[in-house]
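Novice: This structure is in structure tokens; I'll ask about it shortly.
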Amino acid sequence: MKALENQNLKNLNDERLQVAAAQEDPARFAELYEDNFERVYAYVARRVGNREEAQDVTADVFHQALSGLPRFEWRRLPFVAWLLVIAANVLSDRWQRSARHQEVMTDDLEQVGMEDDIERRAMLYQLVETLPDDQQRVINRRFVAQKSLREIAREFGRSEGAIKQLQLRALQNLRDRIRSNHG
């Protein structure tokens, strides 16, 4: 047990010397990179979808570590602990950017869908206005006012069958006009 503790202390001291050397000469960072690459890559790879992304994130981690090395303070923890904190932050940032990107895309699609819907409604409204008066009135009462066939028949003083026929002719006319407008 004591031998293991002594070995861990020696490793930490060696690592501390490596960090200090890299802080003085960034070219010495290569040793820290070599010693810690596998652990950082394994940590990242378990959390991302594919190898290419794991490589990108790992590269970002070591890039940030190198640029932040002058500010690194020794806290009696292995250097890899600091690297894993950086990795967690890089992953978090990527996930947040990805989520925002998804929201923007969804918002854009919803906006396009709403604009298309508004255009369709406006076109339909204009086409309804081109129908004969009795057909216009049936369509407006049935689909805008949401009246039943029975209510419309009473209002018009006609049978429900006659109102169904008017509605059918109106819908056929609208279909034909939509087809002729959109070829």
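Novice: Which condition number does Gln126 fail, the rest of (1) loosely packed, with under 10 Cβ neighbours inside 10 Å; (2) modelled with pLDDT under 85 being met?
Specialist: Of (1) loosely packed, with under 10 Cβ neighbours inside 10 Å; (2) modelled with pLDDT under 85, only one is false for Gln126: (1).
Novice: So which residues in the stretch 24-41 are in contact with a helix residue (DSSP H, G or I) (Cβ under 9 Å, 6 or more places away or on another chain) and under 12 Å from Leu84 (Cα atoms), if there are any at all?
Specialist: Result: Asn36, Phe37, Arg39, Val40, Tyr41.
Novice: I'd like to verify a number: residues in the stretch 138-154 that are surrounded by 14 or more Cβ atoms within 10 Å (Cβ to Cβ) and over 20 Å from Ile178 (Cβ atoms), how many?
Specialist: 6
Novice: Among the residues of the stretch 155-171 satisfying the criterion of being of a type in the set (Gly, Ala, Ser) and part of a helix (DSSP H, G or I), which is farthest from Ile139 (Cα to Cα)?
Specialist: Among them, the one singled out is Gly161.
Novice: In the stretch 11-49, what count of residues is obtained for those that are within 29 Å of the chain's Cα centre (by Cα) and charged (D, E, K, R)?
Specialist: Adding up the residues that qualify gives 2.
The values are calculated or read from the model by the stated rules, or taken from the named source; none is laboratory data. Here the structure is a predicted model, which means the values were calculated and not measured. For neighbour counting, all protein chains shown are included, and Cβ atoms are generated from backbone atoms with ideal geometry for every residue, glycine included.
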